[in-house]
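Written out below as structure tokens is the structure these notes cover.
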Amino acid sequence: MKLEVLEKEGYYHIYNRGINGCMIFGNDENKNFFLKQFSKYLSEKITIFAYCMMDNHYHLVIRLNDDGKIVTQAFSNFFNSYAKAFNKENGRTGSLFEKHFKRIKLNDEEYLKQLILYVHLNPKHHLDLKFEEYKYSSYPAFIYNKETKIDRKEVLKLFGGRENFIFSHKQKSDFLTEKYTFE
């Protein structure tokens with residue numbers, strides 16, 4: 001599979017999972033460290049619109065603010081730093097993530113909106129958890145006025161405001177519940 005080349009000002013869905021589907025986050029401390037390292041390596045190079053970390057995979061929705069090669073290297077450094085720490089903590093060796101991180105370029109606003117919904121609804125879809133309360137997702141950053149590195153203003157503008165942002169998530173969640181409920 002040929003990897004999408006990252007380009008400055010491009011919007012992307014960045015995602016990956018543990019090699020062979022293994023866990024990449026064993027506990028909350030791992031998830032907090034992942035976020036800390038993410039900020040350390042990438043906060044000045046990208047704008048983040050959404051994220052979600054599940055036990056065996058993650059999703060990021062971003063825009064590049066820097067040259068694609070610089071951002072690609074920053075991602076590599078970030079993932080390597082996380083994997084080394086995780087491996088050391090868990091007494092394991094070798095690759096933690098599947099090959100290269102996956103990336104899909106987003107070419108229109110509707111796709112961007114649908115992807116943000118998809119990312120935020122991951123806890124419901126994978127674990128049947130209340131996505132509104134899942135703390136390793138960017139969704140709560142849009143609901144509560146806590147300090148965040150998420151570009152809350154741009155995302156809420158994309159959805160037509162906070163109320164419509166919440167409504168869109170609820171509507172999509174209800175649709176998924178109806179679609180996947182079997183009697």
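Any read-out appearing in this document is the output of simple, stated calculations on the displayed coordinates, not a laboratory observation. Keep in mind that what you see is a predicted model, and the values were worked out from it rather than measured. Note that we place each Cβ from the backbone using ideal geometry, even for glycine, and neighbour counts take in every protein chain shown.
Does the stretch 125-142 include one or more residues that are over 20 Å from Phe25 (Cβ atoms) and of a type in the set (A, V, I, L, M)? Within the stretch 125-142 (the criterion being over 20 Å from Phe25 (Cβ atoms) and of a type in the set (A, V, I, L, M)), the answer is no, since none of the residues qualifies. Number of residues in the stretch 1-27 that are among the charged types (D, E, K, R) and out of contact with any Lys or Arg (no Cβ under 8 Å at 6 or more places or on another chain) equals 3. Determine which single condition Tyr118 fails, assuming it passes every other condition in (1) assigned to a helix (DSSP H, G or I); (2) within 14 Å of the chain's Cα centre (by Cα); (3) surrounded by 19 or more Cβ atoms within 10 Å (Cβ to Cβ). Status for Tyr118: all satisfied but (3). I'd like to check something: does the stretch 12-35 contain any residue that is farther than 19 Å from Tyr136 by Cβ and among the aromatic types (Phe, Trp, Tyr)? Scanning the stretch 12-35 turns up at least one residue that is farther than 19 Å from Tyr136 by Cβ and among the aromatic types (Phe, Trp, Tyr).
Checking each residue in the stretch 147-170 for being over 17 Å from the mean Cα position of the chain (by Cα) and among the basic types (Lys, Arg) picks out Lys153, Lys157, Arg162, Lys170. Pick from the stretch 136-172 the residues that are in contact (Cβ under 8 Å) with a residue 24 or more places away in the chain and hydroxyl-bearing (Ser, Thr, Tyr): which of them is surrounded by the most Cβ atoms within 10 Å (Cβ to Cβ)? Per the stated criteria, the residue is Tyr139.
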